[in-house]
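Peer 1: Following this message is one structure expressed as structure tokens.
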Amino acid sequence: MLADLARARQAFLDSAEDPLLPIVDAHHHFWAVPANPHPWLTQLPRIPFRYGDYSAICRDFLPVDYTQACAGHRVLRHVVMEGEWDPADPVGEALWMVGLAQASGRPHAMAAQAWLDRDDVAEVLVRYSQPPLAGFVRSVRHKPRVLPRAEHHSGWSAPGTMRCPRWRDGYALLQRHGLMFELQAPWWHMDEAVELARDFPATRIVVNHAGLPAARNDETLRPWRAAMARLADCPNVRVKLSGLGVAGQPWSVAQQRPVVEALIDDFGPQRCMFASNFPVDGLVVGLDDLWSGFKTLTQGLSPADRLALFCDTALDTYGLQ
């Protein structure tokens, strides 16, 4: 299995041709609807969502669907993200996913659901560190409680936040189990993430969706970049260049360029990784167009840096070498 990666990497380095670029998709979803318990995908009314109406993704998205959606791109490894399975049974999704991996060969690693401020967090993390999930679950996600930008303030420390003592007690357990933390929160909460990164330096934080810059105007991008740059000073933080769609606007290379270039400049290619966030980002862009767009955005970089962004950073982050 490792030989295919080695050959693919070398073939790209020798040729620098885009069709040969090996890809590790560092963040996407698989789900079966309505067979599996995803309340937000199966129940009405739909929840408020940053891309608006999401009824188009409330259907199966499985390995065969992924393959069909990105034919022509060399996606060799898959890191699947929890898909908000019924929170009463966080381990259930991981067990379903490892069964899918055994049957289809994909995914290769998972970021699983965990609730850091719940009474069962220690038990859940133990389950993730035991067979058949040991080595498959590499990280966990618990979206911390957040505020709208207009309401946020520097002292924000309510229950369920990154400053909540009970939440932090659960977070402290991650190091014991060798698990990373997937942070999904809007950029105006990143100073709280800086505190978390510095207080728990042995636990790696992987920022989801570029810190969620929801617009491309200066009023958003200027403070977004400043917040992300402060986080980039923490060596235990990496970032996913994913989830970059803007509600109501077509996805384009020009739209994504300021975000992608800023993160690469501040974090460096060795701490950034591209990811599709499919099928969710299928609401704003096709999977073929997304990978092609990312390739266009990086054409000015060296082959080694492009390899880091598309493949090597994710391989290293999720231990898939």
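The values are calculated or read from the model by the stated rules, or taken from the named source; none is laboratory data. Please read all numbers here as calculations on a predicted model, not as lab measurements. Heads up, the Cβs are rebuilt from the backbone with ideal geometry, glycines too, and the neighbour counts pull from every protein chain shown. Just the protein is used for accessible areas: all its heavy atoms, side chains included, with ligands, DNA and RNA removed. Shrake-Rupley method; radii C 1.70, N 1.55, O 1.52, S 1.80 Å.
Peer 1: Might you let me know whether segment 145-168 holds any residue that is surrounded by 16 or more Cβ atoms within 10 Å (Cβ to Cβ), touching a residue at least 12 places away in the same chain (Cβ under 8 Å), under 30 Å from PRO250 (Cα atoms) and in contact with a His (Cβ under 9 Å, 6 or more places away or on another chain)?
Peer 2: There is at least one residue in segment 145-168 that is surrounded by 16 or more Cβ atoms within 10 Å (Cβ to Cβ), touching a residue at least 12 places away in the same chain (Cβ under 8 Å), under 30 Å from PRO250 (Cα atoms) and in contact with a His (Cβ under 9 Å, 6 or more places away or on another chain).
Peer 1: Restricting attention to segment 268-303, which residues are under 30 Å from ARG59 (Cα atoms) and polar (S, T, N, Q)?
Peer 2: SER276, ASN277, SER292
Peer 1: Consider segment 8-28. How many of its residues are open to solvent by 10 Å² or more (accessible area, probe 1.4 Å), in a loop (DSSP other than H, G, I, E, B) and touching a residue at least 24 places away in the same chain (Cβ under 8 Å)? Spell out how you get there, then give the answer.
Peer 2: Kept after step one, since they are open to solvent by 10 Å² or more (accessible area, probe 1.4 Å), are these residues of segment 8-28: 9-11, 13-20.
Next, from what is left, pick out any that are in a loop (DSSP other than H, G, I, E, B): 16-17.
Add one more test, that the residue is touching a residue at least 24 places away in the same chain (Cβ under 8 Å), and what stays is 16.
Here the count works out to 1.
Peer 1: Among the numbered conditions (1) open to solvent by 40 Å² or more (accessible area, probe 1.4 Å); (2) not in a loop (DSSP other than H, G, I, E, B), tell me where ASP53 comes up short.
Peer 2: Failing condition for ASP53: (2).
Peer 1: Of the conditions (1) open to solvent by 60 Å² or more (accessible area, probe 1.4 Å); (2) over 25 Å from PRO131 (Cβ atoms); (3) touching a residue at least 24 places away in the same chain (Cβ under 8 Å), ARG176 clears all except one; give me its number.
Peer 2: With respect to (1) open to solvent by 60 Å² or more (accessible area, probe 1.4 Å); (2) over 25 Å from PRO131 (Cβ atoms); (3) touching a residue at least 24 places away in the same chain (Cβ under 8 Å), ARG176 is out only on (2).
Peer 1: Residues of segment 271-317 being open to solvent by less than 10 Å² (accessible area, probe 1.4 Å), under 16 Å from PRO22 (Cα atoms) and in a loop (DSSP other than H, G, I, E, B), which ones?
Peer 2: Answer for segment 271-317, where residues must be open to solvent by less than 10 Å² (accessible area, probe 1.4 Å), under 16 Å from PRO22 (Cα atoms) and in a loop (DSSP other than H, G, I, E, B): ALA275, SER276, THR298.
Peer 1: Let me ask something else. Can you tell me which residue within segment 225-260, out of those that are farther than 22 Å from HIS28 by Cα and charged (D, E, K, R), is surrounded by the fewest Cβ atoms within 10 Å (Cβ to Cβ)?
Peer 2: ASP233
Peer 1: If I go through segment 77-113 residue by residue, how many of them are without any contact (Cβ under 8 Å) to a residue 60 or more places away in the chain, touching a Lys or Arg at 6+ places or on another chain (Cβ under 9 Å) and small (Gly, Ala, Ser)?
Peer 2: Adding up the residues that qualify gives 2.
Here's the yes/no breakdown for (1) surrounded by 19 or more Cβ atoms within 10 Å (Cβ to Cβ); (2) of a type in the set (A, V, I, L, M, F, W, C):
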{"site": "TRP85", "(1), (2)": "yes, yes"}
{"site": "PRO90", "(1), (2)": "yes, no"}
{"site": "GLU93", "(1), (2)": "yes, no"}
{"site": "ALA103", "(1), (2)": "no, yes"}
{"site": "PRO107", "(1), (2)": "yes, no"}
{"site": "GLN113", "(1), (2)": "yes, no"}
{"site": "ASP117", "(1), (2)": "yes, no"}
{"site": "ALA122", "(1), (2)": "no, yes"}
{"site": "TYR128", "(1), (2)": "yes, no"}
